[in-house]
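To keep things clear, I will list the structure first and then write my remarks on it.
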Amino acid sequence: MAHKFKPGDLIVLNDYGVFIGEDYDNTIGIIISKPYNVIPHDGEETNAFYIVYDILLDGELVKMIPQEFMEFYEKYEKNCK
């Protein structure tokens, strides 16, 4: 899986990321970290990993947000018109 975002990109939380945004007034954020990988720990051996980013959302740092939970803000804005 390739990295989709870079630091400075504006993003919006998509339908998968909506539960993260329910504590915030705004679901538009900015990527503030380079992508990094995390391996879920569920007690079993797994080959799965997630590409995650730290984002600034509504003035707060939110860490380890999977890229599957985000889309580019420009793409979202075009689809809303």
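The values are calculated or read from the model by the stated rules, or taken from the named source; none is laboratory data. None of these values were measured; they are calculated from a predicted model. Cβ: placed from backbone, ideal geometry, glycine included. Neighbour counts: every protein chain shown. Each accessible area value is taken on the protein alone, full model and side chains, heavy atoms only, with ligands, DNA and RNA left out. Shrake-Rupley method; radii C 1.70, N 1.55, O 1.52, S 1.80 Å.
Length gain on complete extension for the stretch ASN14 to TYR36, per 0.36 nm per residue less the alpha carbon to alpha carbon distance?
On the way: separation 22, 0.36 × 22 = 7.92 nm, distance 1.98 nm.
Once the chain is fully extended between ASN14 and TYR36, it gains 5.9 nm.
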Might you work out the accessible area of GLU60 for me, using a 1.4 Å probe with all protein chains in place, and round it to the nearest 10 Å²? 100
GLU22-ILE51 pseudo-label distance in nm [points 7 Å out on the Cα-to-Cβ vector]: 2.8
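Give, in nm to one decimal, the length gained when the segment between GLU60 and LYS4 is fully stretched (0.36 nm per residue of separation minus the Cα-Cα distance). Walk me through the numbers before you get to the answer.
Numbers: separation 56, 0.36 × 56 = 20.16 nm, distance 2.19 nm.
Here the segment from GLU60 to LYS4 would lengthen by 18.0 nm.
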